[in-house]
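**Student:** For reference, the structure I am asking about is given below.
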Amino acid sequence: MRLPASTLLDWHQARRAGGVPTVSVLAGPVGLGVREWRRWAGRGSLPVAQVAGGDAGTFASGWVAEVFARADPTALAGRWVAGRTAGVPDPARLTRYDLDQLWRTAGADPADPAAAAAYLALAAAADGRRIDPAEFARALAEGAHAGGGPARVFAGVSGLDPSAHLPALLVVPADPDGLPAWFGRTMRELEAVAVAVPRLPVGVCVPTAAFESAVAADPGSRATAVAREGMIPVSGVSVADLTDQLRAAGVGPPPAATLARLAADGLDPAVAAAFVDAARAVRRADPADVADDFRSVHERFLFEQLESLPETAGRFRPNRPLPFRHGTQAAEADLVAEGLRVVVEVDGAHYHLNQPQYRRDRRKDWEYQRHGYLVLRFLAEDVVDDLETILATILDAVAFRRDRPPPER
C-alpha cells in the first residue's frame, strides 16, 4: 500500500529535525509535485522558494531572495553580531570604519559562512547599497574562504538566525529537454545543500521517466542514493477517471485538446472536481438556473489549474480587493497575481455580455491599466472548451511581467 505524499513529506521533515540531510524527490507530473509540496508547506506555515532549472547558484539566489523578502538582512546581521559582542551600534548607522572595528572586536571566524553573510549585509548597509540577492549569493559563494560554493550560501544565511522558519526550497525543471542529465546534476547540488543545512526543507520535482533514467545512469553515486531514499511518487486522476466523473455528472467529454492539457499537467483530485463543476455549468441549457454560481465554479477551476502549473503556483489569489476604487466600491479581481500585477477576469455570458455590464467592464479595465495591471478577460465556457489557449495566454502574461516588472507605485 502506497503512503500518501503528505505522510512521506512529514517523515522527511522528521529526519531533518534529527539532523539527517534529506532531499524530497517528487517523482511524477511536475504540477502535481508542486501542489503536494506547497500543500505540505502550507500546513506548517512554511514559505516556499520555488526555483526553475538553473544550477546551484540559481537555487541559492532564488532562496536568498525569499529569505530577504521576509526578513531585513541588515537586522539579521545586526542580531548575529549582537550575540557575539557587547555594545553593538545600530547596524543601519554603521560606517565602513565602524564595521571593521566591530569585526575585530567580535573576533568572527572568517571561515564561518554566517560571519561572512553578516559582514556582507552590514557592508552593504554601510555603503548605502540595496542588497541584490543574486549578487549577495554570488559574493558569499565566491568568498576567499568559500570552500563550499553555493551550499555555503545556504549555510551562511540560515546561520544568521538558527531559530528562523526557513523557506522551503523547491526546484522544478525549466526545460523538458535533457531532463535525466538535469536531474542528476541537480541532485548532486541539492545533496550538498542538505548536508550544509540539514534542517532546511529541500525538494525537487521530476517526471518519473527522467528520475528512472538518471538513477540507472549513475547507480552507485551518493546523489543517487539520496534520490532513491527521498523518492515520493505522485500521481493524480487519470483521463479515463475524469471522463467517468463527467459522465456521472451528466456531462459529455470536453474537446480533446483540453483533456490532453489536463493530462499533461497532472490532474489533482481537487482540480478534477472543480473541472467537473465547471463543465456541468457550461453544459446547462438555461443560464438563469445557475445564476451567481456560474462564474464562481469556473474561477475556482482555473485557480486550481494555475496552482498545478510550476510557472503560476502560488502567484494568483482569488477574489482579492485591489488598492483602488471602481465606482463607489473597492475594486476586486477574480484572480490576481499581485506581485506581477496581472489580473484574470472570468466572464459568464449570461451576466457580462449585456450592454450595461459590457460598459462597466470596459471602465474597470481602464482602472486596471491606469494602476499598472495587465488584465486578461476570458469567457467562462472557454475555460472548459479552450483551456489550452487560456493557459498559454496567462503563461505569456506571467513571463512578460516577470521579464519586465511593473514600476513601483
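The values are calculated or read from the model by the stated rules, or taken from the named source; none is laboratory data. If you're wondering where the values come from, they're calculated on a predicted model, not measured in any experiment. Here the Cβ positions follow ideal geometry from the backbone for every residue, glycine too, while neighbour counts run over all protein chains shown.
**Student:** Please enumerate the residues belonging to the range 362-376 that are exposed (fewer than 15 other Cβ atoms within 10 Å of the Cβ) and either touching a helix residue (DSSP H, G or I) at 6+ places or on another chain (Cβ under 9 Å) or basic (Lys, Arg) (or both).
**Tutor:** Arg362, Arg363, Arg370
**Student:** Shifting gears a bit: Asp109: surrounded by fewer than 19 Cβ atoms within 10 Å (Cβ to Cβ), free of Cβ contacts under 8 Å to residues at least 12 places away in the same chain and within 23 Å of the chain's Cα centre (by Cα), yes or no?
**Tutor:** So Asp109 does not fit the description; no.
**Student:** If you don't mind, another one. If you take the residues of the range 47-61 that are in contact (Cβ under 8 Å) with a residue 40 or more places away in the chain and in a helix (DSSP H, G or I), which of them is surrounded by the most Cβ atoms within 10 Å (Cβ to Cβ)?
**Tutor:** Residue satisfying both the conditions and the ranking: Ala60.
**Student:** Inside the range 249-276, can you point out the residues that are modelled with pLDDT under 90 and among the charged types (D, E, K, R)?
**Tutor:** Across the range 249-276, the qualifying residues are Arg261, Asp265.
Let's see how each residue does on (1) closer than 29 Å to Ala263 by Cβ; (2) in the same structural domain as Arg38 (by TED's automatic domain parsing); (3) buried (at least 23 other Cβ atoms within 10 Å of the Cβ):
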position	(1), (2), (3)
Arg188	no, yes, no
Ala196	no, yes, no
Arg199	no, yes, no
Thr208	yes, yes, no
Val215	yes, yes, no
Pro219	no, yes, no
Ala227	yes, yes, yes
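**Student:** Let me ask something else about it. Of these, Leu76, Leu46, which one is over 22 Å from Ala399 (Cα atoms), among the aliphatic types (A, V, I, L, M) and within 14 Å of the chain's Cα centre (by Cα)?
**Tutor:** Leu46
**Student:** Only one of (1) at pLDDT 90 or above; (2) in a helix (DSSP H, G or I); (3) small (Gly, Ala, Ser) fails for Ala281. Which number is that?
**Tutor:** Single failed check for Ala281: (1).
**Student:** Next up: Would you mind finding the one in Arg84, Arg70 that is out of contact with any Pro (no Cβ under 7 Å at 6 or more places or on another chain), surrounded by fewer than 18 Cβ atoms within 10 Å (Cβ to Cβ) and not aliphatic (A, V, I, L, M)?
**Tutor:** That would be Arg84, the only listed residue that is out of contact with any Pro (no Cβ under 7 Å at 6 or more places or on another chain), surrounded by fewer than 18 Cβ atoms within 10 Å (Cβ to Cβ) and not aliphatic (A, V, I, L, M).
**Student:** When the range 143-183 is examined, which residues are found to be under 22 Å from Pro29 (Cα atoms), more than 19 Å from the chain's Cα centre (by Cα) and buried (at least 20 other Cβ atoms within 10 Å of the Cβ)?
**Tutor:** Within the range 143-183, just Trp182 meets the criteria.
**Student:** Shifting gears a bit: Take the conditions surrounded by fewer than 19 Cβ atoms within 10 Å (Cβ to Cβ) and closer than 26 Å to Ala52 by Cβ and apply them to Glu332. Does it pass?
**Tutor:** Answer is no for this residue.
**Student:** Ok, one more. Between a residue in the range 382-402 that is in the same structural domain as Arg317 (by TED's automatic domain parsing) and any residue that is charged (D, E, K, R) and assigned to a helix (DSSP H, G or I), which pairs come within a Cβ distance under 7 Å, given they are 6 or more apart or on different chains?
**Tutor:** Short answer, once both residue conditions are applied: Leu387/Arg261; Glu388/Arg261; Ile390/Asp382; Leu391/Arg261.
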